[in-house]
1. Six or more apart or on different chains, Cβ atoms under 8 Å: show the pairs whose first residue is in the range 87-106 and in contact (Cβ under 8 Å) with a residue 24 or more places away in the chain and part of a loop (DSSP other than H, G, I, E, B) and whose second is among the polar types (S, T, N, Q) and open to solvent by less than 30 Å² (accessible area, probe 1.4 Å).
2. Considering only residues that are within 21 Å of Glu14 (Cα to Cα) and either buried (at least 17 other Cβ atoms within 10 Å of the Cβ) or touching a residue at least 40 places away in the same chain (Cβ under 8 Å) (or both), which ones fall in the range 38-54?
3. Restricting the range 2-36 to residues that are among the polar types (S, T, N, Q) and within 18 Å of Leu72 (Cβ to Cβ), which is nearest to the chain's Cα centre (by Cα)?
4. Could you tell me which residue of the range 31-48 is nearest to Trp94 (Cα to Cα), considering only residues that are in contact with a Ser or Thr (Cβ under 8 Å, 6 or more places away or on another chain) and β-branched (Val, Ile, Thr)?
5. Across the range 55-87, which residue is nearest to the chain's Cα centre (by Cα) among those that are closer than 18 Å to Phe13 by Cβ and open to solvent by 30 Å² or more (accessible area, probe 1.4 Å)?
Amino acid sequence: MGCKGCEELKRKFELQEEFTLVNALDEAKFRAMHITNSINICKDEDIQKCLALDDVIIIYCTDEACNKSIILYQKLDAFGYEKIFRFPGGLRAWQTAGYDLTGEMV
C-alpha cells in the first residue's frame, strides 16, 4: 500500500507550487519531527498570524487516525479559509515513503 497523498504532495514541492504546509501537532512534536518546509500551527492565535485567507493550505498531523489536522481544518473553514486541504497519511506515511523530514529526532 502506497503513501496516501505522498506522491501528489511531493510533486507540489518539485513543481514549486505556492502552498503552505501546516503541521497541526503540538510544538514539542513539531520540533521533534516534521515534513521539511512545513510550519506549525497548534494555537488559534497563530492562525491569522501565519496564514492569509487566500493561501493554499495543506494540513497534516501524525497519520490517518490523528484528528488534529481535522480539527484545524474545521477551524480554518469556520474562519473563512477556502483553499484548505488535508494530507491524511501525515508524518508517518511521509516518513515511510522515505521523503525529507526535519527535527530533533531525525
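1. Phe87/Ser69; Pro88/Ser69
2. Filtering the range 38-54 for residues within 21 Å of Glu14 (Cα to Cα) gives 38-39.
Within the range 38-54, Ser38 is the sole residue that qualifies.
3. To start, the set of residues in the range 2-36 that are among the polar types (S, T, N, Q) comprises 16, 20, 23, 36.
This time we only want the ones that are within 18 Å of Leu72 (Cβ to Cβ), so: 20, 23.
On the way: Thr20: 8, Asn23: 4 Å.
Ranking the qualifying residues of the range 2-36, first place goes to Asn23.
4. Going through the qualifying residues, I end up with Ile35.
5. Only one residue fits best here, namely Arg86.
The values are calculated or read from the model by the stated rules, or taken from the named source; none is laboratory data. Owing to the predicted nature of the structure, the values given are computational and were not obtained by experimental measurement. Don't worry about glycine lacking a Cβ; one is built from the backbone with ideal geometry, like all the others, and counts go over all protein chains shown. Heads up: the accessible areas ignore ligands, DNA and RNA and are worked out on the full protein's heavy atoms, side chains in. Shrake-Rupley method; radii C 1.70, N 1.55, O 1.52, S 1.80 Å.
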